[in-house]
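To keep things clear, I will list the structure first and then write my remarks on it.
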Amino acid sequence: MKLASSKTATADVTRRQRSAHSSKEALYWIGPAALVILLIFGYSVVSVLISSFRYDGDWVGLENFEIVITDPIFLTALKHNALLLLAVPVLIVLAFILAITLFETRRGMRFYRSAIFLPYILPIPVVAVVFGQIYQLNGALNISLRSIGLDSLAQDWLGDPDIALGTMSSVIIWKEVGFGVILMLAHIISLPNETYEAARIDGAGFWRTHLSITRPAILNTIVFYGVIEAITMVSWVFNYVYVMSNGLGGPGNATMVSELYIYRAAFQNKAPELAAAAAVLLFVATLILMIAFFRIQRRSIAGTFNK
């Protein structure tokens, strides 16, 4: 018994030594690149942070933040970013449905998978220009609707303030859903087939199988995708808005978002300090969002394992 315990302890020590050695070796390879990224990113953050507290070289404290926070246009931009977050659940549901559909589609899955993922790798300006033409008042969509007698459904998709932001979010959904499909499908394919075979033997149908087995199994991937898309809606929609609204965030301020506000403050209004203050606020909001989502992820995973 003592000999067995001694061998187990020795094996544990050897395993820890190998793990420590592997960690150090990985650090040697990652360290230089991580240091370069940290210096570049850290310098940029510190520079923007200092600029947000200055005006014409003078220290003004929180005045820039007060101006930005009380600016109705900035508040409108934040509201629009928050509304765009409503597209995240839509993306998750669509990506999950498409992923399980592709998983069940044995014939031609490679072609369908490529077709769904293709929009994600297209440059955003190209996508925005194409859909900008499609959604015009006399664009391809309205022409098609009128040709089949659905004139009442034809809208000024990008010119109507009430629907312009929703129209833009549909373009973002079309482009971003492919990323989630590939993530989830890759995880689903790696799951053991025995579980699905046992569920089918027990008489579980399509939806019950995937809601009871697939969804909990890939919950980590689903939450990760949700985090990425939430960050996208908060701080990565500038290209869509800029191209499709000609850099104005119109009609009026119907599609104004925080990134476009920062751009206009820095380059059009010649107020880099206000742009820096808005950028700091956006960075803080994104950081809070990331922390909140990762906490949700940990709780979701813990809840799954405790069941």
Legend entry - Dipole moment magnitude, nearest 20 debye, segment 28-133 about Cα centre, only Lys, Arg, Asp, Glu C-beta charged: 940
Legend entry - Distance (nanometres) between label positions extended 7 Å along Cα→Cβ at T105 and L35: 4.9
Legend entry - Translational D in µm²/s for segment 172-307 (Stokes-Einstein at 37 °C, 0.692 mPa s, Kirkwood Rh from C-alpha pairs): 183
Legend entry - Relative contact order for segment 178-265, counting Cα pairs under 8 Å that sit 6 or more residues apart, in percent: 23
Inset, instruction - Take the Cβ-Cβ distance between S147 and L248 as r, set R0 to 51 Å, and report the resulting FRET efficiency rounded to the nearest 0.05. - result: 0.95
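About the Cα centre of segment 64-306, what is the dipole size in debye to 20, counting +1 per Lys and Arg Cβ and -1 per Asp and Glu Cβ, all else neutral?
640
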Legend entry - Ranked packing of 67-75, 176-184, most packed first, by mean Cβ within 10 Å: 176-184, 67-75
Legend entry - Relative compactness, segment 140-231, computed as alpha-carbon Rg over 2.2 N^0.38 Å: 1.61
Inset, instruction - Within the set of other residues whose C-beta is less than 15 Å from the C-beta of T101, count the net charge using Lys and Arg as +1 and Asp and Glu as -1. - result: +4
Inset, instruction - Quick one: compute the contact order of segment 64-306, relative version, from alpha carbon pairs under 8 angstrom and 6+ residues apart, as a percent. - result: 29
Inset, instruction - When a/c is below 1.5 the answer is rounded, else prolate if a/b is larger than b/c, else oblate, so apply that to the chain with a ≥ b ≥ c taken from the square roots of the Cα gyration tensor eigenvalues. - result: oblate
Legend entry - Kyte-Doolittle at least 0.5, axis length at least 27 Å by Cα - qualifying DSSP helices, the chain: 164-189, 272-306
Legend entry - Fluctuation leader among V46, V223, V127 - the chain, Gaussian network, Cα springs under 10 angstrom: V46
Inset, instruction - Rank F41, I67, L141 by how far each Cα sits towards the positive end of the charge dipole of the chain (+1 on Lys, Arg Cβ; -1 on Asp, Glu Cβ) and give me just the farthest. - result: F41
Inset, instruction - Consider a paramagnetic label point 7 Å from the Cα of D162 along Cα→Cβ; state which residues of segment 251-265 have an amide N under 20 Å from it. - result: 251-256
Inset, instruction - Take the chain, connect every pair of alpha-carbon atoms lying under 10 Å apart with a spring to form a Gaussian network, then pick out the residue of F41, F224, F267 with the largest mean-square fluctuation. - result: F41
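Readers should treat all values here as calculations from the given coordinates under stated rules, not as data from a laboratory. Please read all numbers here as calculations on a predicted model, not as lab measurements. Using ideal geometry, Cβ is built from the backbone for each residue, glycine included, and neighbour counts are taken over all protein chains shown.
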